[in-house]
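First comes the structure, then the notes that go with it.
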Amino acid sequence: MSDSPSAVPTLGAKIAAEAFGTFLLVFGGVGTALFASNHFTDPGANSAVYVAVALAFGLTVVVGAYAFGPISGGHFNPAVTLGAAAAGRISWRDVVPYIIAQVIGGVVASTALVLIGTFGPEGWLSGAQDAGFASNGWGEHSPGGFGMFAAITVEIILTAFFLFVILGTTHAKRGTPFAGLAIGLTLTLIHLISIPVDNTSVNPARSIAAAIYGGVGPLSQLWVFLVFPVVGAMIAGFAYKALFDATAKQPKQL
């Protein structure tokens, strides 16, 4: 039976798509950070491959957006889900199931990375965890030594602009079929800007997934990467709706 163009995916299909998409994002992005450079597996090393990590996160979003976006919208990020709800793009009743699926998908992905590391070279996994397991952080846990308020500021600003790009390129009337590419490239740019600051979150699910294996330090700082990406996303969601979705009143005809 051919799919009906008007068929609406079930909530079960949507949350499965969000879980798979978030798995892909964390497995691809955090996996690249862990396996492609000893910066994230050897404390004090200076051989980070920021471009590779940034491209990995961007590419996973491009692939996920085209693979799962038609089903769920392709959020893969609790901040994006909350921002989309604030903008009126999804129902608030779908927010909690989406976020649960995203967090589960991310944690399963980071657990799979730990499983791979278990069978890696001697000491690799313990070294990766001692180095924070590519978690987000500030101060001694920041790749560039930036402080907490730098992390807060960059997370709010970059998550807000990420949402502006998402909402603009996926707009029902003004959107583009190249939305997935634009969104993925934006996430790449975001990582190029902020990896040195706080190892880039803009996504609480990604932050949770890495921090649970990163030790006490990343876990103690996790709250910043749960709260402030959401703040940025909500600001953007409400602002986009007010600024760009408002319709002009038609003058009354005599």
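The values are calculated or read from the model by the stated rules, or taken from the named source; none is laboratory data. Note that the structure is predicted; figures quoted are calculated from it, not measured. Here Cβ is always computed from backbone atoms with ideal geometry, including for glycine, and neighbour counts include all displayed protein chains. Only protein heavy atoms, including side chains, enter the accessible area calculation; ligands, DNA and RNA are left aside. Shrake-Rupley method; radii C 1.70, N 1.55, O 1.52, S 1.80 Å.
Placing a label point 7 Å from the Cα of M148 along the Cα-to-Cβ line, the residues of the range 212-231 whose backbone N sits under 12 Å from it are 220-225. Note the angle between two axes, namely the Cα long axis of helix 179-198 and the longest principal axis of the Cα atoms of the chain, as a number of degrees from 0 to 90, rounded to the nearest 10. Around 40 degrees separate the two axes. Summarising the label geometry, the points placed 7 Å from Cα in the beta-carbon direction at I116 and L219 lie 2.4 nm from one another.
How would you classify the range 116-167 from its alpha-carbon gyration tensor, with a ≥ b ≥ c the square roots of the eigenvalues: rounded for a/c under 1.5, else prolate if a/b is greater than b/c, otherwise oblate? Here the range 116-167 falls in the oblate category. The structure shown yields Rg and Dmax of the Cα atoms in Å, and of the options [x] 18.1, 60; [y] 18.7, 83; [z] 17.1, 51 that calculated value carries the label [y].
For V227 paired with A172, estimate the spin-label separation in nm (one decimal), with each label point 7 Å from Cα along the Cα-to-Cβ line. Rounded to a tenth, the inter-label distance reads 3.6 nm.
Taking all protein chains as they are arranged and a probe of 1.4 Å, the heavy atoms of W223 leave approximately 110 Å² accessible to solvent.
Dividing the mean sequence gap of close Cα pairs (under 8 Å, 6+ apart) by how many residues the chain holds gives a relative contact order of 28 percent. Sum -39500 (n - 2.57) across every DSSP H segment of at least 4 residues in the chain, then divide by the residue count to get the 222 nm mean residue ellipticity, nearest 500. Calculated at 222 nm, the ellipticity per residue is -22500 deg cm²/dmol. Here the gap between S91 and A52, fully extended at 0.36 nm per residue and compared with their Cα-Cα distance, gives a gain of 10.5 nm.
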